[in-house]
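Report on one structure; see the data block that follows.
The values are calculated or read from the model by the stated rules, or taken from the named source; none is laboratory data. None of the values given here were measured: they were computed from a predicted structure. Glycine also receives a Cβ, built like all others from the backbone with ideal geometry; neighbour counts cover every protein chain displayed. Keep in mind that these areas ignore ligands, DNA and RNA; they rest on the heavy atoms of the full protein, side chains included. Shrake-Rupley method; radii C 1.70, N 1.55, O 1.52, S 1.80 Å.
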Amino acid sequence: MYKNIILFCLFALLCACGPLPDTSQSGLFGRYPEDYTDGKGSSLWMPENMNARQGMYAFVVQKYMNYCANGDYNGGKFKSDEVYKELPDGGRVYAYYYYYTEDRDVGVDAPAFNLKPTQIKVKYYTVMNFIVNKDGIITKCKYMQFF
């Protein structure tokens, strides 16, 4: 009888946690398709074997995202042996990602009620694509951040 109660509790606990993440895809740890589209018109190439740039801080990755958004990388030479996809015009798309964790306050900060926010670690993944022409010049940079 206790065995049935334990099995029922385990089943209820698993159901309460929601669906397990889909790891059948090929991009970013199997969570997303390789050719990802966010539904708002933005797309990104995330191959299964793209390289990581680990050990970064939030302010460093934000600086790289700003460079990308402002077009600061455009016109520069891209030299890399990293993972890439050939484009029909002879150009390439290079893909890699940065990851870092950051402590975030969650909860209410109300000293009058003796309430303090709790800190949790949030993992961030920023995937970057560099579109390079056949001469190795960067023509476009794209990125997306995932939590």
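In the set (1) open to solvent by less than 90 Å² (accessible area, probe 1.4 Å); (2) closer than 27 Å to T37 by Cβ, the condition left unmet by I120 is number (2).
Among the residues making up segment 88-119, a single one is modelled with pLDDT of 85 or more, β-branched (V, I, T) and touching a Lys or Arg at 6+ places or on another chain (Cβ under 6 Å): V93. Against the numbered list (1) at negative phi; (2) modelled with pLDDT of 85 or more, G136 comes up short only at (1).
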